[in-house]
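Note sheet for the following structure.
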Amino acid sequence: MRCPYCGNLDDKVVDSRLAEEGRSIRRRRECLGCRRRYTTFERAEEVPLLVRKRSGREEPFDRAKLIAGIRQATKNRPVAQSEIDALAEQVEEAMRASSLRPVPSSEIGIEVLERLRHLDEVAYLRFASVYKDFQELTDFERELGLLQKRSPPKEEAP
Ligand SMILES: [Zn+2]
């Protein structure tokens, strides 16, 4: 591994452990040239998860984009970044486990809504209202109907 500080190719691994719930191995390496330490991650090459947008366009699943969308919906809400990351991970896992290929983006939206509902009601409603912009209105209304049946939404404090 080329040292990111000095470019030396000789290093030794000083620590090695599982990361990302066992999906990667994190290694601390020490450069034998400059003695500085850096980290590398080893992961299995992932099979890309293709998503079909409503426009019909297909693109690889983008977890960062999903996290950004959820973070937007949870802004100023008592939801921790770790909860957002976990939610995105669960959604991705559910999509990988599903037999739909490519995965319709609507499935991802519904999966997020389903989980967000249990996490924070305001975030759920925000995500649903953004989601409405690019999904069939009937889906949104159905989701909203489900929520209202389960628990009436509270007004967000100004
Ligand atoms: Zn070095």
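Read the figures in this text as sums done on the coordinates, not as results from a lab. Fair warning: this is a prediction, and the values are worked out from it, not measured in the lab. When we count neighbours, we look across all protein chains shown, and the Cβ atoms used for this are built from the backbone with ideal geometry, even at glycine.
Amide H contacts of Asp11 (H built 1.01 Å from N, in plane; Pro and chain starts excluded): Leu32 sit under 5 Å, all sequence-distant by 5 or more or on other chains. Between the range 60-110 and the range 1-45, the alpha-carbon centres lie 29 Å apart. By the gyration tensor of its Cα atoms, with a ≥ b ≥ c the square roots of the eigenvalues, what is the shape of the range 56-98: rounded for a/c under 1.5, prolate for a/b over b/c, or oblate? Oblate, since a/c reaches 1.5 and b/c is not below a/b. Here the Karplus relation 6.51 cos²θ - 1.76 cosθ + 1.60, evaluated at θ = phi - 60°, turns the backbone of the range 39-44 into coupling constants of 10, 10, 10, 10, 10, 5 Hz, with x for every Gly and Pro.
Note on Val130 and Arg2: the model spin-label points, each 7 Å out from Cα along the C-beta direction, lie 3.7 nm apart.
Computed from backbone phi with θ = phi - 60° and the Karplus coefficients 6.51, -1.76 and 1.60, the 3J(HN,Hα) list for the range 85-94 is 4, 5, 4, 4, 5, 5, 5, 4, 4, 4 Hz; x is used for glycine and proline. Taking the charge dipole of the range 1-74 about its Cα centre, with +1 at Lys and Arg Cβ atoms and -1 at Asp and Glu Cβ atoms, the residue from Pro48, Phe61, Gln72 reaching farthest to the positive side is Gln72.
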